[in-house]
1. Counting only heavy atoms of protein chains, what accessible area per residue, in Å², does the chain have with a probe of 1.4 Å?
2. Which is the longest stretch in the chain that no exposed loop site breaks, taking sites as GluC sites (Glu not before Pro) with a DSSP loop state and at most 16 other Cβ atoms within 10 Å?
3. Run the numbers on the chain and let me know its relative contact order in percent, using alpha-carbon pairs under 8 Å that are six or more apart.
4. Given the alpha-carbon gyration tensor of the chain, what are the semi-axes of its equivalent ellipsoid in whole angstrom, ordered largest first, with each equal to the square root of 5 times an eigenvalue?
5. Is there a quick way to get the dipole size of the chain? I mean about its Cα centre, with the Cβ of Lys and Arg at +1 and of Asp and Glu at -1; what is the value in debye to the nearest 20?
6. So what is the 222 nm mean residue ellipticity for the chain from helices alone, if each DSSP H run of at least 4 adds -39500 (n - 2.57) and you divide by all residues, rounding to the nearest 500 deg cm²/dmol?
7. With the full set of protein chains in place, find how many percent of the accessible area of the chain is carbon and sulfur; take the probe as 1.4 Å.
8. Please compute the length gained on full extension between Asn11 and Thr30, using 0.36 nm multiplied by the number of residues separating them and subtracting their Cα-Cα distance.
Amino acid sequence: MTTEFDLGCVNCEESLTRREVAAEALGFATPGEVEVAECPDCGSRYFPDATLKRLQT
């Protein structure tokens with residue numbers, strides 16, 4: 001199954017990297033850190049399905 005980490009950035013086509021970000025820094029009340037796919041070039045962030053499900057609860 002293809003995940004966000006297998007894709008390139010939509011904005012600049014750079015390879016995405018895994019990063020842990022505090023959910024609160026993203027504006028969510030969920031405690032702890034969540035995994036995002038982040039572009040090291042332009043800073044765009046993409047949310048894997050598992051992260052979206054966690055943030056919805």
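The values are calculated or read from the model by the stated rules, or taken from the named source; none is laboratory data. If you're wondering where the values come from, they're calculated on a predicted model, not measured in any experiment. Note that each Cβ is placed from the backbone with ideal geometry, even for glycine, and that neighbours are counted across all protein chains shown. SASA here: full protein model, heavy atoms, side chains in, ligands and nucleic acids out. Shrake-Rupley method; radii C 1.70, N 1.55, O 1.52, S 1.80 Å.
1. Details: 3930 Å² over 57 residues.
Ligands and nucleic acids excluded, the figure is 69 Å² per residue.
2. Longest stretch, sites excluded: 15-57.
3. 30 percent
4. 21, 13, 8
5. Charge dipole, the chain, about its Cα centre: 220 debye, nearest 20.
6. -4000 deg cm²/dmol
7. Details: 1890 of 3930 Å².
The nonpolar share, carbon plus sulfur, comes to 48 percent.
8. Using 0.36 nm per residue and subtracting the Cα-Cα distance, I get 4.1 nm.
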